[in-house]
Structures are given as C-alpha cells and as structure tokens.
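Coordinate-derived values only; no laboratory data. Since the structure is predicted, the reported quantities are computational estimates derived from the model, not experimental observations. Note: ideal-geometry Cβ built from the backbone for every residue, glycine included; neighbour counts use all protein chains shown.
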Amino acid sequence: MIEVGPLIIDTERRIARVNGDPLRLTTMEWSLLAHLVSDPQRLFTRWELERDVWGYQSPGRSRCVTSTARRLRKKLRAQGFEAIINVPGHGYRLADPVQVAA
C-alpha cells in the first residue's frame, strides 16, 4: 500500500481511497495515478507518460495525458485532496511526499 496524505493506494487490489472513501477511477486514470506513485519524487514528462502508461512509440501531440490528469485531479479535488501537480512545460508529479505503508 502507498499513502499520499489522505490518499491510500492498494496497487495489488487496484483500489484507491481518499479519507477512507473509495475513489472511482477509469482504467487510464488508475494507470496514470499508479505510474505517478511508482516513483513519488520524480517529475514525469508528458512523453514518458505517453510511452509508459499509454504505450505510444513516438512523441506526439496527443492530449490523453492532459485530459486524463484533469479528470483525475477533479475526482481527487471533489474529495478535498490535491495530489497531482502539472509543471507547465515539463510534466506531472505528486504534490506530497509518499510513504509506503507496512
């Protein structure tokens, strides 16, 4: 399990909760969130996310990262939590340090 503030992510069971409440995510929202928490201190570029999460073979002008991150942030905000930060011109990262729960 991975904890980011009030967000708890169980990667084995593919469950995410904020303040104990389940977070309903699409497959791609889950994949993006799981990828971001896989290396919590890292800023991921849009191209890295397109390649690693979506499986694209070359950089393109796809809006998939932007639109998926927007929907994911909206769902997290609805439960009172800001977890994903867009660093304009660079990419995306987690807002808070991540702790791995035992």
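Suppose we flag trypsin sites (Lys or Arg not before Pro) only when DSSP calls them loop and at most 11 other Cβ atoms lie within 10 Å. Which is the longest uninterrupted stretch of the chain?
In the chain, the maximal stretch lacking such sites is 64-102.
Please work out the Cα center distance from the range 57-76 to the range 23-52, rounded to the nearest Å.
9 Å
Once the Cα atoms of helix 27-38 and of the chain are each reduced to a long axis, what angle between those two axes, in degrees from 0 to 90 to the nearest 10, is obtained?
With rounding to tens, the tilt is 80 degrees.
Starting from the exponent 0.38 and prefactor 2.2 Å, build the expected Rg for the chain from its residue count and divide its actual Cα Rg by it. Don't jump to the answer; show the numbers that get you there.
Working: Rg = 12.9 Å, N = 102, 2.2 N^0.38 = 12.8 Å.
Output field value: 1.01.
Relative contact order, percent, of the chain when contacts are C-alpha pairs under 8 Å separated by at least 6 residues?
34 percent
DSSP loop GluC sites (Glu not before Pro) in the range 5-66 with at most 13 other Cβ atoms within 10 Å of their Cβ, which ones?
Of the GluC sites (Glu not before Pro), the ones in loops of the range 5-66 whose Cβ has at most 13 other Cβ atoms within 10 Å are E12.
Angle between the Cα long axis of helix 64-78 and the longest principal axis of the chain, 0 to 90 degrees, nearest 10?
Long axis of 64-78 versus the principal axis of the chain: about 20 degrees.
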